[in-house]
Amino acid sequence: MRIFDNYWIAEFVERLSVALKWDKLGAIGRSNIGRLTILIPFVGYLIIFNPSFVSFFRQELPGGIPNTYEWFSELHELRLIFLYFGLLFLGVGNLLFILLAPEALRRHSDVSGYVAEMEDVASPSLIASKLDETIARFQQVNQGEAASPLFSSQSPSFPSDASQHLHDLIASLWRDIPQEGLPDVTEQDEPLGSLYEGSPYTVYSGSGYLLTDNVMDMMTAGGRAALAFQFSMHQAAFGRSKEVFFVEFFSLGYARFVVRTVIGFFFLIGFLALIVPTLTTSILVLLTAFQSPVM
C-alpha cells in the first residue's frame, strides 16, 4: 500500500522533500553563524538575558518611540523573547543537522567536491560498498512497482529524481559487463512460481526493456550465483567510480525525510521568530524618521 495515495498530498510531499534536501539545509547547518547558534540551547539564556545585554537592547530610538497601535508596542516589548526563542530554534535545528545529516552532506555543499575527494581515495572495495549502500537504501524505501524504472517512486526519502539516476547507473553497469559475465537470460533457471524475484528470466520486459530493479534484486538475492553476478557489477562499477559517487551523494540529499522535515521546521520557526523584532524595530525606525518634528 502506498503511503501517499492522494495525488495532492503526494505532490506536496514531493515538493517538500525537494525543498528540504540535505544540501539546502546545509547552507545553514554548515555556516559558521549557524554553528554558533548551537550554543544557544545551553547558554543562550545567560547571554541574551544578561543585564548588560538587556540594557543595551532596550535603548530607545532618538526622539523617543512614535505612537503606534497598542498590540504593536506590546509585540515590540517582547523582542528579547522572540530573539531568544528564534536563536534557540535555530540552534536546535543546527544541532540536529550536525548529529543526523549524512556525513557526506555535512562536509560538502556540492557533489563536485565530494566526488573529487572520493576519487583520491577510491578503491575497488570502497566503490563496491558505496554502490551496495545506495542500492540498499533504495530497496529499503521503494518496493513493488515503486522500485521499477517504469513507474514513479513514491518515497520522499528516495524519490524519482534520485532513483532515475540509480536506474541509469545500473543499466550502464549491466552493459559494461562482458557477455560471459552476465546471467543467462535466455533460459529460466528457476521454476515458474519461484520466490526468487531476481530470476534471470525477469531481467528484460516483454518489449526488451531492461528491468534494472530486478537487476538490483539479483545482486542482493544471496546465493553463489548472485554473489558471482554482484562481483561482476562491482568490477564494472570501478570503471564508473565518479558515477557511483555522484549517485550516492545525490540520493543521500533525500535521505531521512522525516528528520529533514523536523530540522526544516525548527529553522522555519526560528527565522519567523527572528523576523518579529527585526520588523518591529525597522518599522519604528521608519516612523521615527518620517514623523513631524516637534516645534
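The values are calculated or read from the model by the stated rules, or taken from the named source; none is laboratory data. Note that the structure is a prediction, hence the values are computed from the model and not measured. Glycine gets a Cβ as well: all are built from the backbone with ideal geometry, and neighbour counts include every protein chain shown.
Structural remarks
- Residues in region 85-98 that are of a type outside the set (S, T, N, Q) and either assigned by TED's automatic domain parsing to the domain that holds Phe245 or crowded, with 17+ Cβ neighbours inside 10 Å (or both): Phe85, Gly86, Leu87, Leu88, Phe89, Leu90, Gly91, Val92, Gly93, Leu95, Leu96, Phe97.
- Here Phe266 clears all of (1) modelled with pLDDT under 95; (2) buried (at least 18 other Cβ atoms within 10 Å of the Cβ) except the condition numbered (1).
- Listed by position, the helices (runs of 4 or more DSSP H) inside region 209-295 whose residues that are more than 15 Å from Trp174 (Cβ to Cβ) and either of a type in the set (Phe, Trp, Tyr) or not assigned by TED's automatic domain parsing to the domain that holds Ala162 (or both) number at least 2 are 241-252, 257-290.
- For Phe151, the test of being aromatic (Phe, Trp, Tyr) and free of Cβ contacts under 8 Å to residues at least 40 places away in the same chain is passed.
- Helices (runs of 4 or more DSSP H) enclosed by region 77-182 - at least 1 residues per element that are aromatic (Phe, Trp, Tyr) and in contact with a Lys or Arg (Cβ under 8 Å, 6 or more places away or on another chain): 79-100, 111-120
- When Glu119, Glu180 are checked against the criterion of being among the acidic types (Asp, Glu) and without any contact (Cβ under 8 Å) to a residue 24 or more places away in the chain, Glu180 stands alone in meeting it.
- Given (1) exposed (fewer than 11 other Cβ atoms within 10 Å of the Cβ); (2) modelled with pLDDT under 90; (3) acidic (Asp, Glu), index of the condition Asp110 fails: (2)
- The set of residues from region 124-164 being surrounded by fewer than 16 Cβ atoms within 10 Å (Cβ to Cβ) and touching a Phe, Trp or Tyr at 6+ places or on another chain (Cβ under 6 Å) comprises Pro124, Glu145.
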